[in-house]
1. Given a cut-off of under 8 Å on Cα pairs at least six residues apart, what relative contact order in percent is computed for the chain?
2. Using a 10 angstrom Cβ neighbour count of at most 11 plus a DSSP loop assignment to flag exposed trypsin sites (Lys or Arg not before Pro), which longest range of the chain is free of such sites?
3. What value in Å³ per residue do you get for the convex hull of the alpha-carbon atoms in the range 241-313?
4. To make sure I understand the rule: partners must be lysines, Cα under 18 Å from the Cα of K45, and not fewer than 8 residues away in the same chain. Which ones qualify?
5. Arrange the following residues from fewest to most other Cβ atoms within 10 Å of their Cβ: D36, D316, D292.
6. Report Rg (one decimal) and Dmax (nearest whole number) for the chain, counting Cα atoms only, units Å.
7. Which is farthest toward the positive dipole end of the range 3-93 among L31, G82, I42, measuring Cα position about the Cα centre, with Cβ charges +1 (Lys, Arg) and -1 (Asp, Glu)?
8. List the lysines whose Cα lies under 23 Å from the Cα of K450, skipping any in the same chain that are fewer than 8 positions away.
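Readers should treat all values here as calculations from the given coordinates under stated rules, not as data from a laboratory. Bear in mind the structure is a predicted one, so any value in this text is a computation, not a measurement. Please note: Cβ atoms are built from the backbone with ideal geometry, for glycine as well, and neighbour counts cover all protein chains shown.
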Amino acid sequence: MAVERHEVVVVGGGIGGLAAAWALRDRDVVLLEADDRLGGRIFSKRRGPHWMTVGAHFIGGLDSPVGQIAEELDLKTIQAEGEMATVWMKGKLVRGGRFETYPFRMPLSLGGRISLIRTGLRLMLANRRVRRIIDDPIHGHDGFDGEVVEAPGDPDLDARNFAEVLGKMHPEVEAIMRTMVNRVTAETHEMSGHFGASVVGNLWADAAMVRETIPGGMGELVDAMSARMGNRLVTGAPVETVEHGPDGVTVRARQGGEDITIQADYVIMATPAPITRRMVSGLSEDKAAALDAVRYGPFIIMSAITDEPGPMPYDDIYMVGVIDRSFCMFYNLMNPLRKAGQPRAAGGAINVHSGANQAAGQWDMTEEAIRDLYLADIEEMFPETKGIVSETWIHRWEHGYPFWAPGHLNHQAALARPEGRLHFAGDYVGYASTGPTSHSGYIAARAVRKALEAVV
């Protein structure tokens, strides 16, 4: 069996691995992806002027690696300017205005209103603590400019679970918080207080932020990268083992029914934490323990094409938090196309998803049953959608989103640290979303490039 030789092997074709490979495209690099497609949780399909997606929606900022890659590939980006802070509860859509008014506008009992005010204050204070640390100039923008990914956090909030930080809540408020955290595939008692205060607090604090996507869906970026890099991005090549030593790394994989072996100077592991843990032998004790501690929750996502002839009540909305229904979030994917003063074209596309225990309870249902369940609740929210859904696409994500369990900060340094000639990238290395994940790939690539260029 012939042995291939490369300077760098990237294992995993999600956005972290793709960003790393792109940053090293002028070197001898090859990327191996087990699946028959690239992109990981970037997964979209174009449907004429519209698109469906069961993965990432946004590029993570024009200044992120994904934004830079899109510019280098001459891909157009468009802004989603619709409302991000809309809530549907008990048949009522609450939208617009300041968050401070929501306890008085949502369909809550008196006890629920009082509880939401108290819970909101606790959440606001916790989020302020988180933002002071994350925005600390010592760390820069979440540490993305350093040698390794830094994800600073509040030790006190990290030691407690989010339910403890929020305190006792009225059942109506528990349902609201459950919706907010299920979107990141966890329950309040499963995630750390730091993580909960960050993802839920930022959801509200950043509701007015303009977000960018790519016409046709985020998969357009993956297709363009694949076309540019060609056969250096290899699909259908599951890696079985990665063995690292002082002089190089040996990667053993399967492709086309054949065993392949690659000797590399450096390897960047960009697979989910449990897969990385299984593949790589000889990890240090704290690195192995850190990978074992990473927690993922499940997602179920349904994307749908709609055939409405004209305007819909959600045209100027992008995202709706949905309380006590079969899914926790509703998205109007075509909001970026709905510009004020421009004609509103027919048709559209929407998304819903469930997460955490909500998704786990639906996991074994048939796609038809999930479709019927979700459509019934969509039609309850927006009766105008009845009879206009022409296509649906359902996808289950087992490793949906890596959330921080209490005590995560004890493992953060080990997660980000290279091990000899092995470097690590992906959604679990720092904060999980498209921007930070792509940054982790860039940081790993930068470290590898520095090491390669140091060789005389």
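1. With pairs under 8 Å counted, the relative contact order is 27 percent.
2. Looking at the chain, 169-456 is the longest stretch - no exposed trypsin sites (Lys or Arg not before Pro) with at most 11 other Cβ atoms within 10 Å.
3. 198
4. K76
5. If I rank by nearby Cβ atoms, fewest first, I get D36, D292, D316.
6. Radius of gyration, then largest Cα-Cα span, for the chain: 22.2, 73 Å.
7. Towards the positive end, the residue furthest out is G82.
8. Within the straight-line limit of under 23 Å, K450 reaches these lysines: K287.
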